[in-house]
Amino acid sequence: MAMKNPYQAYQQNSVNTATPGELTLMLYNGSLKFMKLAKKAMEDKNIEMKNINLLKAQKIIQELMVTLDTSQDVGKSMMTMYDYMNRRLIDANLKNDTAVVEEVEGLMMEFRDAWKQVIQANRQQAFAQAGQA
């Protein structure tokens, strides 16, 4: 059996061992990566790569929507924002508009940064509780 590329093995292991919170953070970062690549493709007038990367970013947003708990008001608000971001990326793709992609990037960065804070707070709380045990 051939050995995998070490980087691919590392990535696969990272996903397999990640907490649900870390997986969500990976999704946010992935969507940002694909939006950045789409903007570059727009600048290079590479329509195919623009489309591919915007569709990947949209699929990530759709995954975030599917896994979202909407039983609380915050979840309902997030669903509305995810839906908005998804529709804006469709517009960006149709109109070849980098400004729209940048708008969605800004929103996604806010979600990602807030999520990072939640993960850090949870880790600190778990560490404090472990120290008391």
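The values are calculated or read from the model by the stated rules, or taken from the named source; none is laboratory data. The structure displayed is predicted, hence computed values, not measured ones. Cβ coordinates were reconstructed from backbone atoms using ideal geometry, including for glycine residues, and neighbour counts include every protein chain displayed.
When the range 34-51 is filtered for residues that are within 13 Å of Lys95 (Cα to Cα) and not in a helix (DSSP H, G or I), only Lys45 remains. Leu32 meets the stated requirement of being within 19 Å of Arg112 (Cβ to Cβ) and in contact (Cβ under 8 Å) with a residue 60 or more places away in the chain.
Considering only the range 61-95, state which residues are under 14 Å from Ala38 (Cα atoms) and surrounded by 16 or more Cβ atoms within 10 Å (Cβ to Cβ). If the condition is that a residue be under 14 Å from Ala38 (Cα atoms) and surrounded by 16 or more Cβ atoms within 10 Å (Cβ to Cβ), then Arg88, Leu89, Ala92, Asn93 are the ones that fit.
Conditions tested, residue by residue: (1) free of Cβ contacts under 8 Å to residues at least 60 places away in the same chain; (2) closer than 15 Å to Lys50 by Cβ; (3) over 13 Å from the mean Cα position of the chain (by Cα).
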| site | (1), (2), (3) |
| --- | --- |
| Leu89 | yes, yes, yes |
| Glu110 | yes, no, no |
| Lys116 | no, no, no |
| Ala121 | yes, no, yes |
| Ala126 | yes, no, yes |
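Determine whether Asp113 is of a type in the set (D, E, K, R) and under 19 Å from Leu25 (Cα atoms). So that I can check it myself, show each step before the final result.
Values: of a type in the set (D, E, K, R): yes; under 19 Å from Leu25 (Cα atoms): yes.
It is true that Asp113 is of a type in the set (D, E, K, R) and under 19 Å from Leu25 (Cα atoms).
Scanning the range 17-35 for residues that are farther than 23 Å from Met49 by Cα and among the small types (Gly, Ala, Ser), we see that the one that is modelled with the highest pLDDT is Gly21. Out of curiosity, is Ser14 at pLDDT below 95 and among the small types (Gly, Ala, Ser)? Spelling it out, Ser14 is indeed at pLDDT below 95 and among the small types (Gly, Ala, Ser). Check off (1) within 18 Å of Tyr28 (Cα to Cα); (2) at pLDDT 95 or above; (3) touching a Ser or Thr at 6+ places or on another chain (Cβ under 9 Å) for Met65 and give me the number that stays unchecked. Unmet for Met65, out of (1) within 18 Å of Tyr28 (Cα to Cα); (2) at pLDDT 95 or above; (3) touching a Ser or Thr at 6+ places or on another chain (Cβ under 9 Å): (3).
Can you find even one residue in the range 42-55 that is surrounded by 14 or more Cβ atoms within 10 Å (Cβ to Cβ), modelled with pLDDT under 95 and touching a Phe, Trp or Tyr at 6+ places or on another chain (Cβ under 9 Å)? There is no residue in the range 42-55 that is surrounded by 14 or more Cβ atoms within 10 Å (Cβ to Cβ), modelled with pLDDT under 95 and touching a Phe, Trp or Tyr at 6+ places or on another chain (Cβ under 9 Å).
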